[in-house]
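Worksheet for the structure shown next.
Just so it is clear, none of the values below were taken in a lab; they were calculated from the coordinates. Predicted model, so just to flag it, every value in this text is computed and none were measured. With ideal geometry, Cβ positions are generated from the backbone for all residues, glycine too; neighbour counts draw on all protein chains shown.
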Amino acid sequence: MTGSCIFCKIAAKEIPSDIVFENADVIAFKDLSPQAPTHILIIPKTHISTTEDINDSNSNIAGRMIFAASEIAKGLKLEGYRLVFNCNEIAGQTVFHVHCHLLGGRNFGWPPG
Ligand code: AMP
Ligand code: ZN
């Protein structure tokens, strides 16, 4: 999967993206099609397809992703924000490399629809 995965290519810097944060485990870049004034994707550097593929041996990455999102949001001084993980097509997942959407800069309704 890694060979054809667009987010693996972004993590490897084989294709360009607007990177806003990076550490040993994750990389974060601006979404090409922003749904809010701030719309950043946080991804693990290693390929995991969906949240269903998070297990006992790799689940630390979920915390690393959320910590990165929190650090980015603090850096941007967001008053509040929404974190979204879409899992599988029925929930709107289009890229099958797990990612956390960090959305901010506007109000968000609930329930999300
Ligand atoms: P999802 O629908 O949850 O799988 O989210 C995938 C997101 O990736 C969408 O919001 C797309 O706009 C975004 N996206 C797809 N390709 C790229 C890319 N090359 N650079 C930045 N964002 C991308
Ligand atoms: Zn991948």
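Seen against the Cα atoms of the chain and their longest principal axis, helix 60-75 is set at about 40 degrees. Sort the stretch 1-76 into rounded, prolate or oblate with this rule: let a ≥ b ≥ c be the square roots of the eigenvalues of the Cα gyration tensor; rounded if a/c is under 1.5, and if a/c is not under 1.5, prolate when a/b is larger than b/c, oblate otherwise. Oblate, since a/c reaches 1.5 and b/c is not below a/b. Structural descriptor for the chain: relative contact order 30 percent, calculated from alpha carbon pairs under 8 angstrom and at least 6 residues apart.
Over the residues of the chain, the helix contribution to mean residue ellipticity at 222 nm works out to -6000 deg cm²/dmol, using -39500 (n - 2.57) for each DSSP H run of at least 4.
Each Lys and Arg contributes +1 and each Asp and Glu -1, all at the Cβ; summed about the Cα centre of the chain, the dipole is approximately 340 debye. Restricting attention to the chain, lysine pairs at least eight places apart or on different chains and with alpha-carbon atoms under 24 angstrom apart total 8. Which is farthest toward the positive dipole end of the chain among Ser17, Asn88, Asn55, measuring Cα position about the Cα centre, with Cβ charges +1 (Lys, Arg) and -1 (Asp, Glu)? Result: Ser17, furthest along the dipole toward the positive end. On the basis of the beta-carbon distance and an R0 of 25 Å, Asp53 and Lys9 show a calculated FRET efficiency of 0.85.
Is the C-alpha gyration tensor of the stretch 41-104 telling us rounded, prolate or oblate? Criteria: a/c under 1.5 is rounded; beyond that, a/b larger than b/c is prolate, otherwise oblate. Oblate is the answer for the stretch 41-104, as a/c is 1.5 or above yet b/c matches or exceeds a/b.
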